[in-house]
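The values are calculated or read from the model by the stated rules, or taken from the named source; none is laboratory data. Not measured: the values here are computed from a predicted model. Here Cβ is always computed from backbone atoms with ideal geometry, including for glycine, and neighbour counts include all displayed protein chains. For the accessible areas, the whole protein counts, side chains as well, though only heavy atoms, and no ligand, DNA or RNA atoms are used. Shrake-Rupley method; radii C 1.70, N 1.55, O 1.52, S 1.80 Å.
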Amino acid sequence: MGCGASSEDMAVQTPVGSSSTAYRPSEPAPEMSEEEPIRPPPQRKRRASVSAEPTSSLKSVEKVVIPKTDEEKAAIKASIANSFLFAGLEDEALADIVNAMFERVVYEGDVVIQEGDIMADNFYIIESGTFTALKGDREVFAYDNKGTFGELALMYNCPRAATVRATSGGKLWCVDRVTFQGIIVVGMRERREKQEQTLRTMPLFKELSDEERAVIADCLVSETYDDGKVIIAQGDNVDATSKFYIVEAGEVVCTRGGQEVKTVPIGGFFGELALITDEARAATCQAKGRTRVFAMGRDAFERLMGPVKEIFEASAEEYKKLNESLAV
Ligand SMILES: Nc1ncnc2c1ncn2[C@@H]1O[C@@H]2COP(=O)(O)O[C@H]2[C@H]1O
């Protein structure tokens, strides 16, 4: 994770949901100890609710459908909205993964993941409860009613890097290994390849080396905006959380004082000016049609955008001339 993504980056916000799936303490998962009971992962072939269609991401992965209420689905989607693991997933893939999630109720002291376990089974999203992540006896992270864990062993096919134990009762949403790898890991790989290809064609990055582009790709997150949605508002102050954007699909319209000053096409950028000058946002930038952008955090922008500084300086000069001529 080249941009220093931490467990917090992966954290989900306030998961909700109210499935009534039974938790059976007498039913330990095969690779778990007695103290960590879990409802077994979905049976891909035998469940009546499992359909056999392949997913769009990985043809050989069957879709698993664990029935959920609309409220539960919406709540799960809200809770994973800020997780980079899910960012950029196509709507269909996201729906597939939400369908496949199953719940696990935990009690204080339950060991959900055991450090060193080579049979990593699930990825977990916290709906409620507190959890501690331990390496040996040392706590390396504490989760408080939000967050996700268990992705590393599934992404890199390595043993579990830490133990995760419930420090209160709570509820988790689980994604089984096959679904996680088939949708999230494959999706990330596909997106990464597409992203590097896209960056290569963008005027801003075309003079950079493959290595420079790869580092930049590590720090980009796809965001999707509906038609008319304001991505940047003129006059907003910038801070450490402010971002720089590149249009990946669709278009972005920029206005100053309500007057249109620019349409940013695919491959174009916006949101750089205030990050450079540390002044308020100079224009309002809105999606035209459903639009996808690559967003880069301010920290990465400052570290990585040096090589394209001249391009930014030239566009700042153009904006200045245009704004003077339009008196906006
Ligand atoms: N005429 C313009 N003047 C200033 N900014 C513009 C103009 N047209 C497009 N923009 C973009 O709108 C963005 C708004 O946020 P920033 O000020 O960070 O950076 C700005 C530019 O990238």
For the subset of region 274-294 comprising residues that are within 9 Å of the ligand (Cβ to nearest atom) and within 21 Å of VAL221 (Cβ to Cβ), which member is surrounded by the fewest Cβ atoms within 10 Å (Cβ to Cβ)?
ILE276
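Give the residue, chosen from GLY297, GLY271, that is touching a Cys at 6+ places or on another chain (Cβ under 9 Å) and more than 8 Å from the ligand (Cβ to nearest atom).
GLY297
Looking at GLU251, is it of a type in the set (Asp, Glu), touching a Pro at 6+ places or on another chain (Cβ under 7 Å) and away from the ligand (no atom under 13 Å from the Cβ)?
no
The rows are residues; the columns are (1) under 18 Å from MET101 (Cβ atoms); (2) part of a helix (DSSP H, G or I); (3) touching a helix residue (DSSP H, G or I) at 6+ places or on another chain (Cβ under 7 Å).
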site	(1), (2), (3)
THR179	yes, yes, yes
GLU193	no, yes, no
GLU196	no, yes, yes
ALA217	no, yes, yes
VAL221	no, no, no
THR224	no, no, no
ASP227	no, no, no
Can you give me the number of residues within region 55-69 that are open to solvent by 20 Å² or more (accessible area, probe 1.4 Å) and at pLDDT 90 or above?
4
How many residues does region 70-79 hold that are touching a helix residue (DSSP H, G or I) at 6+ places or on another chain (Cβ under 8 Å) and surrounded by 21 or more Cβ atoms within 10 Å (Cβ to Cβ)?
1
Conditions (1) modelled with pLDDT under 90; (2) at positive phi; number of the one not met by GLN195:
(2)
Breaking point among (1) in a helix (DSSP H, G or I); (2) open to solvent by less than 10 Å² (accessible area, probe 1.4 Å); (3) of a type in the set (A, V, I, L, M, F, W, C), for CYS174
(1)
How about region 97-145: which of its residues are over 15 Å from ALA166 (Cα atoms) and of a type in the set (Gly, Ala, Ser)?
ALA100, GLY116, ALA120, GLY136
Within region 254-268, can you find the residues that are within 11 Å of the ligand (Cβ to nearest atom) and loosely packed, with under 15 Cβ neighbours inside 10 Å?
GLY257, GLN259, GLU260, THR263
Residues of region 238-261 being in contact with a helix residue (DSSP H, G or I) (Cβ under 8 Å, 6 or more places away or on another chain), more than 27 Å from GLU193 (Cβ to Cβ) and not charged (D, E, K, R), in sequence order, are VAL238, ALA240, THR241, SER242, GLN259, VAL261
Across region 300-322, what is the number of residues that are out of contact with any Pro (no Cβ under 8 Å at 6 or more places or on another chain), within 12 Å of the ligand (Cβ to nearest atom) and in contact (Cβ under 8 Å) with a residue 40 or more places away in the chain?
6
Residue match in region 290-302 (condition: over 30 Å from GLU211 (Cβ atoms), in the same structural domain as LYS206 (by TED's automatic domain parsing) and out of contact with any helix residue (DSSP H, G or I) (no Cβ under 6 Å at 6 or more places or on another chain))
yes
If you check VAL238 against the conditions, is it within 16 Å of the ligand (Cβ to nearest atom), of a type in the set (A, V, I, L, M) and either farther than 29 Å from GLU62 by Cα or in contact with an Asp or Glu (Cβ under 8 Å, 6 or more places away or on another chain) (or both)?
yes
Pairs under 8 Å by beta carbon, first residue assigned by TED's automatic domain parsing to the domain that holds LEU154 in region 178-191, partner of a type in the set (Gly, Ala, Ser) and open to solvent by 60 Å² or more (accessible area, probe 1.4 Å), six or more apart or different chains?
GLY182/SER60
